[in-house]
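In what follows, a structure is listed as structure tokens, so that the remarks can point back to it.
The values are calculated or read from the model by the stated rules, or taken from the named source; none is laboratory data. Predicted model only: the values in this text are computed from it and were never measured. Cβ atoms come from the backbone with ideal geometry, glycine included; neighbour counts cover every protein chain shown.
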Amino acid sequence: MIRVFSRPIPLILALAFCTFIPVMLAAVRVVQIPLGAVPEDSLRLTSVPTAYFLHAVAGSLFGFLGPLQFVRALRRHFGTLHRLTGRIFVLAGVGLALSGLALLLQVESIATGLLDAARGVFGLVLIAALTLGVVAARAHATLRHRAWMIRAYAVGMGQGTVALILFPVYLINGEPPTGLSTDIAVVGTWLLAIAMGEWVVRRLASFNRRSPSAP
Ligand code: HEM
């Protein structure tokens, strides 16, 4: 499986499939927030317009650039571009976490304490993982750098993957699914994405021990 996902097209397709709904939603909000055309369900978030807009911009960039940063062929052949887009990815990730925490603290929540606690914890974990990834890159510790960036991506995007289930429910019911069972599904999917990220990190490490020449 690791070999399949080390090929660019399956890797990009798999990550894009899991994350296209939150990334598209964030990109749509980037246009809607300045136009004042936010749907009624989300109007309460416009009370903190800067954090809301930054969150949407950062989410779009983080979600779009993440899969590309993990493509080995792009890293190998376009190293300078990888470093440039990597800086944008890190800034977007930090902006995503800080604006997410600002939304959490400044807007009255409609979620349960469980989801709000997860958002607070994972927002801080995202900043920590990105910091450790940058420190490793500066130390030219490539494997450690890759491991922390995979973890950061899983923590940042993990919450969004549940949209594959919840978005169709929203379309059918006409209102966003809320309540304890929804939040358990969101946090459960988030933890699953983080566990999968960790699994990939470990598989890549053992693959690398067996084939040390692989980048
Ligand atoms: C650790 C990561 C993240 C944290 C802590 C976080 C936190 C939050 C919080 C607290 C809200 C407000 C929720 C509400 O009260 O309705 C929110 C909304 C939102 N988030 Fe995130 N978020 C994270 C990751 C992401 C990612 C990766 C994306 C996109 C790819 C994203 C896109 C959005 C969008 C578009 C909204 C607004 C939804 C709407 O307009 O109703 N978030 N986020």
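So the values come out like this:
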item	result
Cross-chain or 6+ apart pairs with Cβ under 6 Å, region 38-50 first and near the ligand (Cβ under 9 Å from one of its atoms), then assigned to a helix (DSSP H, G or I) and at pLDDT 95 or above	Val38/Gln32; Val38/Thr46; Leu45/Tyr52
Selected residue [surrounded by fewer than 22 Cβ atoms within 10 Å (Cβ to Cβ), near the ligand (Cβ under 9 Å from one of its atoms), within 22 Å of Val57 (Cα to Cα) and modelled with pLDDT of 95 or more] from Leu101, Leu126, Leu96	Leu101
Any hit, region 150-170, residues being within 11 Å of the ligand (Cβ to nearest atom), among the charged types (D, E, K, R) and surrounded by 13 or more Cβ atoms within 10 Å (Cβ to Cβ)	no
Failed item in (1) outside any helix (DSSP H, G or I); (2) within 21 Å of Gly63 (Cβ to Cβ); (3) without any contact (Cβ under 8 Å) to a residue 12 or more places away in the chain, with Ala111 passing the rest	(3)
Residue that is in contact with a Leu (Cβ under 7 Å, 6 or more places away or on another chain), of a type in the set (Gly, Ala, Ser), free of Cβ contacts under 8 Å to residues at least 24 places away in the same chain and within 25 Å of Arg29 (Cβ to Cβ), where the choices are Gly174, Gly95, Gly120	Gly120
Residues being assigned to a helix (DSSP H, G or I) and either polar (S, T, N, Q) or more than 7 Å from the ligand (Cβ to nearest atom) (or both) - total across region 53-75	16
In region 141-193, the residues that are assigned to a loop (DSSP other than H, G, I, E, B) and either closer than 19 Å to Pro22 by Cβ or of a type in the set (Asp, Glu) (or both)	Glu175, Pro176, Pro177, Thr178
Filter result (surrounded by 15 or more Cβ atoms within 10 Å (Cβ to Cβ), out of contact with any Ser or Thr (no Cβ under 9 Å at 6 or more places or on another chain), of a type outside the set (A, V, I, L, M, F, W, C) and without any contact (Cβ under 8 Å) to a residue 40 or more places away in the chain) within region 177-215	Pro177
Residue count, region 7-38 (criterion: of a type in the set (Lys, Arg) and either at pLDDT 95 or above or in contact with a helix residue (DSSP H, G or I) (Cβ under 8 Å, 6 or more places away or on another chain) (or both))	1
